[in-house]
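The structure appears right after this line, and notes come after that.
The values are calculated or read from the model by the stated rules, or taken from the named source; none is laboratory data. If you're wondering where the values come from, they're calculated on a predicted model, not measured in any experiment. Note: ideal-geometry Cβ built from the backbone for every residue, glycine included; neighbour counts use all protein chains shown. Ligands, DNA and RNA are stripped out before the accessible areas are found, and what is left, the full protein with its side chains, is counted by its heavy atoms. Shrake-Rupley method; radii C 1.70, N 1.55, O 1.52, S 1.80 Å.
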Amino acid sequence: MSAADSTYDVIIVGAGLGGGIAAGVLAESGQRVLLLERGRDLRYRDIPGDHLRHHRLSIYGDNTTHEPAGHPRVFVDPQGHSRTVYPHEADYHNNALTVGGGARIWGMQAWRFHPDDFRMASRYGTPAGSSLADWPIAYADLAPFYERAEHEVGVAGDPSATDYAPRERAFPLPPVPATPTGAWLARGAATLGWNAFTPPLAVNTKPYLGRAACVQCRQCIGFACPTDARNGSHNTLLPRALATGRCTLITRAHVARVLTDASGRAHGVEYFAPTTPDSAQTERRTAHASTIILAGGAIETARLLLLSTSPQHPRGLGNHSDHVGRHLQGHYYPIVSGLLPVGFENPNLGPGVSIATTQFNHGNPGIIGGAMLANDFVKLPIIFWRSHLPPELPRWGLANKKAMRELYLRGIDLRGPVQEIPSPDSRVTLDPHVRDHFGLPVARLSGTTHPETLRTAEFIRARAEDWLRAAGAERVWSSPMDLRLSASQHQAGTARLAADPRDGVTDPFGRVHGHDNLWITDGSLHVTNGGFNPALTIMALAFRAAAKIAATR
Amino acid sequence: MPLTPTQLEALRALLDRLIPNDEFPGALAAGTDKFILQLLTHACAAEAPFLAQGLTQLDTEAIARHGQTFATLPITAQDALIFALEHNRTATPWPAAFPAAAFINRLIDLAAEGFYADPANGGNRDGASWRMIGYDPLLPARPSAP
Ligand SMILES: Cc1cc2nc3c(=O)[nH]c(=O)nc-3n(C[C@H](O)[C@H](O)[C@H](O)COP(=O)(O)OP(=O)(O)OC[C@H]3O[C@@H](n4cnc5c(N)ncnc54)[C@H](O)[C@@H]3O)c2cc1C
Ligand code: SF4
């Protein structure tokens, strides 16, 4: 063993949302944890407030990725043309490459899934060509862990926000304040007879767990929070892990493969890390542990399983029945814009999301599943210019400039994460040609969602238009959606939970079938991705898996 | 410098029509030309030769139609020409790889990106466009986040 080799109880790959949760639970239970993260541990000042380079609009880059050229992927379009893509491009399907993962700069919507989101196949049947399936666990199995996530990470919510999903304990924080656009939408929902309430957000609406409250700035989603009121694992469970003295976090550490022995037991990882913390030079190291947890996000975890071949596992780990990398999904997002007859006097304050309905998550005639609908974050001017001006308006000249000043404060819009009907052909494989900075084959993304997703999305788009009209919008518009690959920020599904090894990659707790000490705690586990933003479910699964590991060690 | 003086003159004249001055500053007053030059030397360096070629072609087009460069045309003629290019109605042959509409649309995007993005990007001096529309990021003077 070289000097750089070392031994721990648990190695976790990825200090993103799910990895950070697992680190906290396990370090506090007495385990010595090595947490390897390929990104950096970025401070507030390291994440620029650049309106053209952030995680909602990344025209020329984003505000967390360092050395983007070193992390390409290959995207294959529906016509079969492939091209190399970089983190700021839409077809890369990025989350965020930093300690904290996507949640470092996320929108904080922290939803529990609907009980029927766990039994989609039983409720709707499985359409031909899709891989729609039930989860091997039920809502009740996750409920206590949703509760832990809400309390230990911090979620602000309206008591009626999860009427669709029974809860035992109230939210720890009061809901985000109402906004002027929300008031119009509340009246609209009342006219239509739809439920409407303040959505749950993982934000400190008052000081909580030693950190300050949100000051309602207007530069929220996609950026770092100036008061650290944006809750994720990076400012809760990860600091708890580090405080035990038992968790070692190494940043800029890129895991290249999981090492297994002939019996299938995982005994370590091989990774690349800087020779000294600030060096540009990297070296290959190995680390050993009796439990290995993968939490690289749905695309990178699948890639790592596929890269970790051995003579016993020539197709990669957990890939005994060819599920690794398949069923890649995210959320189709119908976006509907409109104009109120007058500008709201007080512009919305941040975060800006303030009203939602769960009226159409299930029970839509002739439609599989559905979506929650909500209003959106405070719009940056350049995002309003690009995506929310009426389509018939000239794109330049005085007419455009005047429209910007007359319409910016009249804009109103709705969107919703449509539960996708997964396809086994929407997938992550290894690209045969393109390699990353370390010489490793990169993720190749190909396929599309199942056409049924489109039907649900179009149904939801029409309901969003109904809501805007009922709210009093004068003009309402949106664009039809097309069949494409969907993953990006809400990426999930590539190592699905399954009771039977033939049906998926991991057991119902997230342990890889056939490898009794190899676990996953990220979005890869989701069998289906709910009609809600996925992160609270990722956290709940991570709490549950980590508690199980702690109990069995 | 990614552009010749003539190309720069065409760029500035074009920006002045894409986001003109009125009772509020327009693109030139807000420094959007400098934002674009900065991009062409850095993030969009690979694209710079195409845009430079497009600016030359813009003058060729103006001369073919009116006998003078784009920058010296009256504004009504400038606006009519921009509109024609947007619809790929051209009097001279544009490169197939970079047709007139693609060129003009790219410049429309670049102008808006500079003008409506954060002042630190250089094209929205003193937050001129933000004041015009009523946006303020309301960031605390002293961030308390680590
Ligand atoms: C702008 C934005 C807004 C969002 N808003 C919301 C929202 O409102 N609500 C919601 O529910 N979700 C939201 N999301 C999505 C949410 O952030 C993700 O669902 C969540 O972060 C996924 O968690 P994860 O643990 O699966 O992966 P991640 O959080 O992506 O973490 C994976 C980590 O692993 C690291 N990693 C990957 N491969 C390796 C390797 N080989 N070696 C070492 N490290 C590796 C990555 O760098 C990363 O840090 C948003 C995302 C973005 C980008
Ligand atoms: S709106 Fe609140 S949570 Fe969002 S970045 Fe601003 S202060 Fe932070």
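Table for the structure above
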quantity: Where chain A is the region considered: accessible area per residue in Å², 1.4 Å probe; calculated: 33 Å²
quantity: A:Ile250 accessible area, 1.4 Å probe, all protein chains in place, Å² to nearest 10; calculated: 40 Å²
quantity: Contact order normalised by residue count of chain A, Cα under 8 Å, 6+ apart, percent; calculated: 23 percent
quantity: Total formal charge among the other residues, if their Cβ is under 12 angstrom from that of A:Arg484, Lys/Arg +1 and Asp/Glu -1; calculated: -4
quantity: Percent breakdown of C-alpha pair distances by 5 Å bin, ordered from the shortest bin, for region A:329-438; calculated: 2, 9, 15, 16, 13, 11, 11, 10, 8, 4, 1, 0
quantity: DSSP bridge pairs, the protein assembly as shown: antiparallel proportion in percent, nearest 5; calculated: 65 percent
quantity: FRET E, pair A:Ala499, B:Ala29, Förster distance 41 Å, beta-carbon r, rounded to 0.05; calculated: 0.05
quantity: Scattering curve values for region A:492-553, log₁₀ I(q)/I(0), Debye with Cα scatterers, q = 0.25, 0.28, 0.29 Å⁻¹; calculated: -1.02, -1.20, -1.25
quantity: Heavy-atom accessible surface that A and B bury in contact, both chains counted, 1.4 Å, Å² to 100; calculated: 3200 Å²
quantity: Stokes-Einstein D (µm²/s) once Rh is taken as the Kirkwood radius of the protein assembly as shown over alpha-carbon pairs, at 25 °C in 0.890 mPa s; calculated: 93 µm²/s
quantity: A:Ser263-B:Thr41 pseudo-label distance in nm [points 7 Å out on the Cα-to-Cβ vector]; calculated: 6.4 nm
quantity: Estimated vicinal HN-Hα couplings, Hz - region A:28-42 in sequence order (Karplus 6.51, -1.76, 1.60; Gly, Pro = x); calculated: 5, 8, x, 7, 8, 10, 10, 10, 10, 10, 6, x, 10, 8, 7
quantity: Principal axis dimensions, largest first and in whole angstrom, of region B:5-131 by Cα; calculated: 40, 34, 26
quantity: Candidates per GluC sites (Glu not before Pro) in region A:114-220, loop by DSSP, up to 13 other Cβ within 10 Å; calculated: A:Glu168
quantity: Complex-versus-alone comparison for region B:128-146, residues with a loss of 30 Å² or more in accessible area, probe 1.4 Å; calculated: B:Met132, B:Ile133, B:Gly134, B:Tyr135, B:Pro137, B:Leu138, B:Leu139, B:Pro140, B:Pro143, B:Ser144, B:Ala145, B:Pro146
quantity: Degrees separating the helix A:397-407 axis from the principal Cα axis of chain A, which is the longest one; calculated: 90 degrees
quantity: A:Thr448 - accessible surface, heavy atoms, 1.4 Å probe, Å² rounded to 10; calculated: 30 Å²
quantity: Accessible-area composition of the protein assembly as shown, carbon plus sulfur, in percent [1.4 Å probe]; calculated: 53 percent
quantity: For region A:34-171, fraction of C-alpha pairs farther apart than 18 Å, in %; calculated: 70 percent
quantity: Modelled FRET efficiency - R0 22 Å, A:Asp322 with A:Ser82, Cβ distances, 0.05 increments; calculated: 0.55
quantity: Estimated FRET transfer efficiency when R0 is 60 angstrom, pair B:Phe83-A:Tyr124 (beta carbons, to 0.05); calculated: 0.75
quantity: Net charge of Cβ neighbours under 11 Å - reference A:Asp9; Lys, Arg +1; Asp, Glu -1; calculated: +3
quantity: Region A:427-493: equivalent-ellipsoid semi-axes (sqrt of 5 x gyration tensor eigenvalues, Cα, Å); calculated: 38, 13, 9
quantity: Helix B:32-41 axis, angle to chain B major axis (alpha carbon atoms, nearest 10°); calculated: 80 degrees
quantity: Surface accessible to a 1.4 Å probe, B:His87 within the full protein complex, Å²; calculated: 90 Å²
quantity: Total formal charge among the other residues, if their Cβ is under 14 angstrom from that of B:Leu81, Lys/Arg +1 and Asp/Glu -1; calculated: -2
quantity: Å² per residue, accessible surface of region B:5-131 at 1.4 Å; calculated: 41 Å²
quantity: A:Lys206-A:Leu398 pseudo-label distance in nm [points 7 Å out on the Cα-to-Cβ vector]; calculated: 5.3 nm
quantity: With Cα atoms, 0 to 90° folded angle of helix A:298-307 axis to chain A main axis; calculated: 20 degrees
quantity: Two-site label geometry, A:His151 and A:Arg484: point separation in nm, points 7 Å out along Cα→Cβ; calculated: 4.2 nm
